[in-house]
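The block underneath contains the structure these notes are about, expressed in structure tokens.
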Amino acid sequence: MSSTEVVRVTIFNQTYTVLASEGSNDIQELAHMVDELMLTISRAGNYDSTRTAVMACLHLADQLRSAERQMANLKLEVDSKAREFSLKLESVIEE
């Protein structure tokens, strides 16, 4: 059973308390990444915190979709190579 711990993070000058199931390092790194992204977005335009958070969410959603597409393409490639190797192996075994 995994243990949980309370982690305090600061994002865009706001402190949040998060319950982490696997150590605090990942949560702190993610919070730092989101904080940096929101700071970058806020410097690019004079947005309020809500608009900045929405823009950051859109950016992260775009990155996620791109990663999902890459993963799907890699899976297709791996499946294709596995079929190819399986056919070659079968032909070698039959000889």
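The values are calculated or read from the model by the stated rules, or taken from the named source; none is laboratory data. Since the structure is predicted, the reported quantities are computational estimates derived from the model, not experimental observations. Neighbour counts are summed over all protein chains in view; Cβ atoms, including those assigned to glycine, are modelled from backbone coordinates with ideal geometry.
Side notes on the structure shown:
- So VAL18, is it surrounded by fewer than 12 Cβ atoms within 10 Å (Cβ to Cβ) and in contact (Cβ under 8 Å) with a residue 12 or more places away in the chain: no
- Residue satisfying condition, being in a helix (DSSP H, G or I), surrounded by fewer than 11 Cβ atoms within 10 Å (Cβ to Cβ) and either within 19 Å of the chain's Cα centre (by Cα) or modelled with pLDDT under 95 (or both), within set ALA72, ALA56: ALA72
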